[in-house]
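Q: Supplied in structure tokens, the structure appears directly below.
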Amino acid sequence: MARQDALQGSLPLLVLKILARRGPLHGYAIAVQIEGMSDDILRVEEGSLYPALHRMEEAGWIKAKWATTESKRRVRAYDVTAAGRKQLEGEIVRWRSITAAVDAVLEQA
Amino acid sequence: MSWFSRLTNAIRPDRLDRDLEAELRFHLEARAEEAVRRGAGPQDAAREARLRLGNALHTRETSRDARLMPWLESLLKDVRFGLRMLRKDSTVTAAALASLALAMGAALAAFALVDALLLRPLPVDQPERLVQLTTLDKRDPHENHTFSYPLFERCRQAARGQLDLFAISNQYPEPVVFGNSGGREEKLRVLYASGNTLPALGTRPALGRLLNADDDLHPGAHPVAVASYDFWMRRFGGDPAVLGRWLRIGTRQFRIVGVTEKRFTGIEPGKRTDLWVPMMMWSVPEDLSSPDSTMFAVLGRLKPRVTAEEARPVLQVVYANFLRERSAEFRADESRAVVDSFLHGSLRVVPAPNGPSRLRETFARPLWILAAVAGLLLLLACSNLANLFTARALAREREMALRISIGAGRARLLRQLLVEGALLAVAASVLAAVFAAVAAPTLVGLLSTTDTPAYLDLHTDWRMTTFLLSACTAATLLFALLPALRASGVSPSDALKSGGRQSARTGTLRPMLVAQIAFSFVVLFVGGLLLMSFRQLTQVDLGFIPKGVVLVRVEATDPNPFSSSYFVPAARVAALQLVDRIRELPGVRSAALCEFGFFSGGWMTDSIRIDGRAPDDDGVAALPASPGFLDAMGVRLLEGRSFAPADIASVPSVVLVNQAFARRYYPGQDPLGKHFTFAVRDGDLAQEVVGVVKDVRLQSVRDPAPPTIFVPLRRLDSTLAVRADGDPWSVVPLVRQQIRGFGHSLRDGDVALQSALVDDDMVRERLLALLAGFFALAALALVGVGLYGVLSHSVVRRTKEIGIRMALGAKQSSVVKLILREIAVVSSVGLAIGLVLGRLLARPVESLLYEVKPGDLGSLALPLALLLFAAALAAVRPAWRAARVEPAIALRNE
């Protein structure tokens, strides 16, 4: 059911990591968090954030429910699931190995 | 989340849509608020938010696709659209649905029968390892399926290493009385079987035990019976207390020791067994030791890793030895050729995964033919629908072109049209299943005869479902794919440029019409042959008058049916008295006693010896009858005299012979007063011919009368043949009463109408004629409707052309000719193809026909005339409409 190649780049990794630490957040908050924590270097493609969230939800990595904010507005809040945490570990290992490989190339070239 | 949520989302996408909308709206608002907090104006803020989100519609659609099964959702859209299109043309849809449902139902019913009788293996373990033994004599083209018990025993012993052989009897209804039932007699279907039969079949008991090898040891010493599951349910409601119950078959007591498992419905498709009884309990013990009593079917289960081929040699040796021993009993003057052919008989081991079946032998070919005809009917219905879809697609050409030009993919259009077809096919399948559920059991009922009710297990299983599903798919592809391919292949620029003028591409309709006419010709042709054959059969002069005669068994109640008390001279006198009493009953025209009624399946064969003639072994049919028999049966006496009461005791015994006998044994002579003898082991019995009667067909309407003699009846327990003035059933109660009140330990037994026995002989032909007639009518209706539809369509399309022609001075008659030429061309090509196809199918049909030849002028002319008539009828209205085209109006339409 989960098609990894369908998840673009590192977006799932970032989303999972943020949800794992700050848990339940709505889509806008996720985007803001990513930007804030990376000093605006990583700006989320907002157009691809929501499809990614829905795909991850279908994959069972995150779950969503409707919640009400302090300003009494209905938002769809996402949180990571057990399967999502496992996936996160995998993603982190994968990401580390890729960056390590890229570093190695940069240093030797 | 799972496929299930995606499935429900696809079926009900509204909620999903609302959620996605709300989520994105919140995002935009939050982003805008943030911009406002940073000091932007509200309009700039909203704009920035929208820019950062990008294409909101695309985002929503992509998120949406992640949450449901996009293909399913668009398929559902197609279904809804298809339903709307079908509803738009509700009359046409209803007609199409009805014809397809009818054809599919017929095909499904035919399949149900073919499957139950011919294809489905027995419900036992590894049915593919079951075999049947048959023998073949060079002089006889038919395989023989019956063995004597001694031969079976030897085969079983010799081939123990290769296969597990068992013998079963034919199954007859027998009178059975259960203990504690107040002596009520029930007719139950009892099958005598070797003890190892059920274990060898791989059947398990539902209750108690099955028969086993220990029940195979000593004749008469195993008074046990096993009930079938079905019988246990029907008669005892599944009560486990059935174990240990006593029952009486004839004069012998049996105890029920077990019940077979539920899935095992019997060994012979077409027949239900109530009770399984050890072969050792066969009612005539002599049959188990006599090599002359060949009456048992021998089947077996191959041992693991043994093939039928490997099992054959050892059995062949046994059979050859057996034949050699038997040949010692030939008379010394027997012809060399007969002995040789006898000695070279061969034994075969034939696969029998679906058991032996007499019903199958009779009905295999007719059922295949019916299945083929039903298949043709289905093709016919499909081509009709294909025409309809093509016509509809042509009418929607502009819609298609428009949709393609605004970006709909061809595949999408193709799917839309196929879905429309599939909807129709699925609806037709449902109706067809209902139709078949009613029709199939009715057909089985038609296979039944008076004393052998046919029973076929017709429950719906995966085989039926698979068949229906594949028929449904095949039908959809057949009738919807081609039109859909054409319609979706439309070139938008051409279709739109032509400015509403519809292209005249009716060409593809013609091959379909040709196919329709060809198929319907074949159906009509085959149907006509079968109907004519049945008509011929019903017109055969049987040599007697079955109508009005009722046969009543007069049974012995004496425990020993061979008791001499039924044979002594006093009994013979009593027999005459009984007949006299019956004759005096009101409503009875004439009556007589006989050993067998005609067509009751029984006669005695005797070899006769005539001085000065070489002996032959073909034998003559001998029918014992009392005085008055000829009158009662309506057999004409041609010469000499009939039996007189005094003939019972006359010496030499007197006989009546039929024409076939006279022709064969006394060619060119007057048989009256001639003498011959019966060849029996304990001395020859002299006979004198006193009368010659007309030939009477004894067993089958098809077979001419064999050489037959009538001899005086010499026993009391026999059959009363009573000819009534009116309805023969009306005299039955009186006759029964007379028999019961007559004394001499007699009682009244089974009753059968002589005419019903004759009808039973034609059960196959009647069934075929009935169904063939039904199929022929359906085919005629289908082809008529198809032709009409296409012709009307073509007239509408050619309205402008016709208008121009008429404006240029064409007469109405030439316009009509235009239409008629179209139908004439199509019909003649179709008929030519139909003739070729018909000839192909006629070959397997031929052997079922009686005095009808597939090449006859009549058999060709009738379907031809009917088809042309249907075509003409279908052409009337379109032609009339074409002739009425007003040039001015037709051209103004532009």
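Q: Take B:R248 and tell me if it is open to solvent by 20 Å² or more (accessible area, probe 1.4 Å), within 36 Å of the chain's Cα centre (by Cα), assigned by TED's automatic domain parsing to the domain that holds B:E309 and touching a residue at least 40 places away in the same chain (Cβ under 8 Å). Spell out how you get there, then give the answer.
A: Details: open to solvent by 20 Å² or more (accessible area, probe 1.4 Å): yes; within 36 Å of the chain's Cα centre (by Cα): yes; assigned by TED's automatic domain parsing to the domain that holds B:E309: yes; touching a residue at least 40 places away in the same chain (Cβ under 8 Å): yes.
Answer is yes for this residue.
Q: When you check B:L458 against the structure, is it in the same structural domain as B:A109 (by TED's automatic domain parsing), surrounded by fewer than 22 Cβ atoms within 10 Å (Cβ to Cβ), at pLDDT 75 or above and not charged (D, E, K, R), yes or no? Full working, then the answer.
A: Working: in the same structural domain as B:A109 (by TED's automatic domain parsing): yes; surrounded by fewer than 22 Cβ atoms within 10 Å (Cβ to Cβ): yes; at pLDDT 75 or above: no; not charged (D, E, K, R): yes.
No.
Q: Could you pull out every one of the helices (runs of 4 or more DSSP H) wholly within the stretch B:653-770 that has 1 or more residues that are over 30 Å from B:R360 (Cβ atoms) and either touching a helix residue (DSSP H, G or I) at 6+ places or on another chain (Cβ under 9 Å) or open to solvent by less than 10 Å² (accessible area, probe 1.4 Å) (or both)? Please lay out each step first, then the result.
A: Working: elements: B:659-665, B:732-740, B:754-761.
Answer list for the stretch B:653-770: B:659-665, B:732-740.
Q: Continuing with the same structure: Please go through (1) within 60 Å of the chain's Cα centre (by Cα); (2) among the β-branched types (V, I, T); (3) within 11 Å of chain A (Cβ to nearest Cβ) for B:T91 and return the number of the only condition it doesn't satisfy.
A: Every listed condition holds for B:T91 apart from (3).
Q: Continuing with this model, one more query. Counting only residues that are out of contact with any helix residue (DSSP H, G or I) (no Cβ under 6 Å at 6 or more places or on another chain) and over 30 Å from B:A480 (Cβ atoms), give me the helices (runs of 4 or more DSSP H) lying completely in the stretch B:317-419 with at least 1 of them. So that I can check it myself, show each step before the final result.
A: Details: elements: B:336-343, B:358-395, B:397-405.
Helices (runs of 4 or more DSSP H) meeting the threshold: B:336-343, B:358-395.
Q: Considering every residue within the stretch B:30-43, establish whether at least one is within 9 Å of another protein chain (Cβ to nearest Cβ), crowded, with 18+ Cβ neighbours inside 10 Å and not basic (K, R).
A: Among the residues of the stretch B:30-43, at least one is within 9 Å of another protein chain (Cβ to nearest Cβ), crowded, with 18+ Cβ neighbours inside 10 Å and not basic (K, R), which makes the answer yes.
Q: Within the stretch B:788-807, restricting attention to residues that are among the small types (G, A, S) and more than 22 Å from B:V514 (Cβ to Cβ), which residue is most open to solvent (accessible area, probe 1.4 Å)? Spell out how you get there, then give the answer.
A: At the first step, the residues of the stretch B:788-807 found to be among the small types (G, A, S) are B:789, B:792, B:794, B:803, B:807.
Remaining after also requiring more than 22 Å from B:V514 (Cβ to Cβ): B:803, B:807.
Values: B:G803: 0, B:A807: 64 Å².
Ranking the qualifying residues of the stretch B:788-807, first place goes to B:A807.
Q: Can you confirm whether B:A810 is of a type in the set (A, V, I, L, M), touching a Ser or Thr at 6+ places or on another chain (Cβ under 8 Å) and either open to solvent by 20 Å² or more (accessible area, probe 1.4 Å) or part of a helix (DSSP H, G or I) (or both)?
A: On the way: of a type in the set (A, V, I, L, M): yes; touching a Ser or Thr at 6+ places or on another chain (Cβ under 8 Å): no; either open to solvent by 20 Å² or more (accessible area, probe 1.4 Å) or part of a helix (DSSP H, G or I) (or both): yes.
Criteria not met by B:A810.
Q: Name the helices (runs of 4 or more DSSP H) wholly inside the stretch A:1-94 in which the number of residues that are open to solvent by less than 20 Å² (accessible area, probe 1.4 Å) and within 8 Å of chain B (Cβ to nearest Cβ) is 1 or more. Outline the logic, then answer.
A: Numbers: elements: A:11-22, A:27-37, A:46-59.
Fully inside the stretch A:1-94 and qualifying: A:27-37, A:46-59.
Q: Which of the following residues is of a type in the set (K, R), open to solvent by less than 50 Å² (accessible area, probe 1.4 Å), within 13 Å of chain A (Cβ to nearest Cβ) and assigned to a helix (DSSP H, G or I): B:R18, B:R64, B:R50, B:R60?
A: One residue alone meets the criteria, B:R64.
Q: Can I ask one more? Of everything in the stretch B:514-534, what is open to solvent by less than 10 Å² (accessible area, probe 1.4 Å) and closer than 12 Å to B:V790 by Cβ? Give them in sequence order.
A: Across the stretch B:514-534, the qualifying residues are B:Q516, B:I517.
Q: Kindly evaluate B:E23 against the criterion of being within 11 Å of another protein chain (Cβ to nearest Cβ), assigned to a helix (DSSP H, G or I), open to solvent by 60 Å² or more (accessible area, probe 1.4 Å) and not β-branched (V, I, T).
A: Values: within 11 Å of another protein chain (Cβ to nearest Cβ): yes; assigned to a helix (DSSP H, G or I): yes; open to solvent by 60 Å² or more (accessible area, probe 1.4 Å): no; not β-branched (V, I, T): yes.
In short, no.
Q: Can we say B:L122 is within 20 Å of B:P269 (Cβ to Cβ) and part of a loop (DSSP other than H, G, I, E, B)?
A: yes
Q: What's the number of the only condition in (1) open to solvent by 40 Å² or more (accessible area, probe 1.4 Å); (2) assigned to a strand (DSSP E or B); (3) touching a Pro at 6+ places or on another chain (Cβ under 8 Å); (4) in contact (Cβ under 8 Å) with a residue 40 or more places away in the chain that B:M295 fails to meet?
A: Of the numbered conditions (1) open to solvent by 40 Å² or more (accessible area, probe 1.4 Å); (2) assigned to a strand (DSSP E or B); (3) touching a Pro at 6+ places or on another chain (Cβ under 8 Å); (4) in contact (Cβ under 8 Å) with a residue 40 or more places away in the chain, the odd one out for B:M295 is (3).
The values are calculated or read from the model by the stated rules, or taken from the named source; none is laboratory data. Please read all numbers here as calculations on a predicted model, not as lab measurements. So basically every Cβ, Gly included, is an ideal-geometry build from the backbone, and we count neighbours across all protein chains shown. Quick note on the areas: whole protein, heavy atoms, side chains included, nothing else; ligands and nucleic acids left out. Shrake-Rupley method; radii C 1.70, N 1.55, O 1.52, S 1.80 Å.
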